[in-house]
Structures are given as structure tokens and as C-alpha cells.
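Quick notes on the structure that follows.
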């Protein structure tokens, strides 16, 4: 399947928005809907149901939503990821954690803290490159509306 000019233009616009958000707020948050995708907008309805995940041959349906940051690596900090939260809570947690990092806060694996009104546990991810490679390839059929990081 080839990419149309309109699709390329859209991708360029999203990239520009992403870069602008990283410069202004420190990160860009990308939300990946889980199996229980609540969106019933016209665009998502037109796409139809998500295709089966080839990484889940038994079809367990155990795919919680997750959200991750892009941009923190630019200041030498690992990216953040949260899972099983709705879009609003995910953005609130990630944006507050990013704000903390930008103001000099260091996190330690195993540490529990309140971020975005929720108690979270900091965990080190041993293979972040593998996780994001799988996330972007196996969920390519899912709806992933980008949401800019905002304070």
C-alpha cells in the first residue's frame, strides 16, 4: 500500500506539532487505545474494529491502553510510560512527571510517589527499545490519536 500525498502532509503536520510540543512542554504524549477502546467518533467508527494482534495468537484480548512520552531523551532522561489509564489520567501523570524532571527531579526504581493525583511506582524498563518497536509495529492497526503534552 503506497502513501498518498494527503497522508504524507498529515504526517508532516503531526511531526511539526510533536516538535513544537516537545520544545514548549518538554514532551509529546502518545496514547494507544487498548482492547476496550471507548471512542465512538465518526472517524474511528469508519475504521471498523481493530484487527487481531499477531503478537497475541490466542486472542486473549489482554491489551490495556498505554501512553508514553517522546522528547525526554533529548535531555538525557528515559521516556515515561503508563498503562491501564484513560487518556486524561495518562496525560496528567506524564505531564507532571515531565515537569518534575525538567525542574531537576530524579526518580529511583521502586520509589512510590504521587503524580497527577495518582500513586505510582517507578520501574526501570530493561528493554525500552524493544518495547517501543513492538508497540509501534503490533499496534499499527489500532487508533493512536496523538495528544500534545501540555502543562
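The values are calculated or read from the model by the stated rules, or taken from the named source; none is laboratory data. Just so we're clear, the structure is a prediction, and the values are computed from it rather than from any experiment. Cβ atoms come from the backbone with ideal geometry, glycine included; neighbour counts cover every protein chain shown.
Annotation note: Cβ proximity below 9 Å between a residue of region 1-15 that is under 19 Å from residue 28 (Cα atoms) and a residue that is at pLDDT below 90 (sequence gap 6+ or interchain) occurs for 11/3; 14/146.
Does any residue of region 23-32 turn out to be modelled with pLDDT of 80 or more, assigned to a loop (DSSP other than H, G, I, E, B) and either in contact with a helix residue (DSSP H, G or I) (Cβ under 6 Å, 6 or more places away or on another chain) or within 19 Å of residue 81 (Cβ to Cβ) (or both)? The answer is yes; a qualifying residue exists.
Considering region 48-151, the qualifying strands (runs of 3 or more DSSP E), each wholly inside and each with 3 or more residues that are under 26 Å from residue 14 (Cβ atoms) and modelled with pLDDT under 85, run over 146-148.
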